[in-house]
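The structure under discussion appears below in the form of structure tokens.
Please treat every number below as a calculation from the coordinates, not as lab data. Note that this is a predicted model, so its numbers are computed, not measured. Positions of Cβ are backbone-derived with ideal geometry, glycine not excepted, and every protein chain shown enters the neighbour counts.
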DNA sequence: GCCAATTGGTCGGATATAAAACTATCCGAT
DNA sequence: ATCGGATAGTTTTATATCCGACCAATTGGC
């Protein structure tokens, strides 16, 4: 048995921050049933979105995946790693190296509380908050691009459908 | 600078075949701006879809990523690795181990033609065609699930939007 | 024809991810 | 109070992926 991608995987996640290939459909290729399958197109759209986001972030040296973590920690100070992993849709073991990196960069705080010394309480440092603000602006530009593509009218519907997929498949 | 995901991220593709966590939104968590961002939801939906597909495939020991490759090769016999990689939205270097595995399992044929001895002409073996048929049935079941979630009415629209994202961001 | 540029594929290095096994801690029942 | 099960994180192992560097074959300009 193997992994995925990341998809995705995902979207952001396990994919790279490539700017090269990948994206548009290729001329002269018969996609067969793939052309009609939502799963395949979800994957392709996620990859494209991820790459575009990475390009938007650009010089700021923080991957989209880390950005999602920062946002969730910023919004939920005191969150634990396990809950964070589920919120971000990743395995808890994945977070160990990611959070270690964020901690090393002084972007987050990992506090062991006396109350329960198994878990950590995660929170942002001031530097983390500043980084989050900066990235949030990049993300807003990226979302603006997507808005132009999707259209303001269809956007809420798209969000609803994606949510439904996540909720009912999970 | 880092990679992604896979998507997938993959996406998929680049994601794993997990069946565990990941999927539904978590109670009591404030997603903040993430809740409104298409990029994030694309990622989450792709991960959920990927995992559901992996569960559907189940005992058949072939990952969703390999399945996309088989489909594309089956539909485009004689395709080269580079074209295949772009069609599948992955880097060409990624295909080297994947195709080696498919070849070892006798599912595909890699022929060097005298015409241009750099490239391979890829095609399915009879076993590959049988495997593809089997997986196509799994995929159909998976798509049927998605159909129930998305609704037959909205499905074409969703496909169109996802396509547009891929086309215009690429 | 010859050499530079291009193209197809592979390799090595780095990161992301998941699953399973493990450690440490906590909690509940007896 | 103690022991067994549950919970939080980490580690280990295995894939997947990207990117840049590389090699081989082809092609085009001269």
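For this structure, a couple of remarks:
- In this structure, residue B:27 and residue A:168 have a Cβ-Cβ separation that, at R0 = 22 Å, corresponds to a calculated FRET efficiency of about 0.85.
- Per-copy distances of the residue B:97 label point, shortest first, in nm (7 angstrom along Cα→Cβ): 1.3
- Exam field: residue A:157 pseudo-label spacings to other copies (7 Å along Cα-Cβ), nanometres: 0.1
- For segment A:95-170, a Kirkwood radius taken over Cα pairs fed into Stokes-Einstein (4 °C, viscosity 1.567 mPa s) yields D = 83 µm²/s.
- Label point of residue B:134 (7 Å along Cα→beta-carbon): distances to the other copies' equivalent points are 5.2 nm, sorted ascending.
- Percent RCO, i.e. relative contact order, over segment A:79-170, from Cα pairs under 8 Å lying at least 6 residues apart: 20
- Packing-based ranking of A:61-71, B:130-140, A:150-160 yields A:61-71, B:130-140, A:150-160, ordered from highest to lowest mean Cβ neighbour count within 10 Å.
- The Rg/Rh ratio of segment B:23-170, with both radii computed over alpha carbons and Rh defined as the Kirkwood radius, is 1.03.
- Distance in nm between pseudo-label sites at residue B:80 and residue A:121 (7 Å out along the Cβ direction from Cα): 6.0
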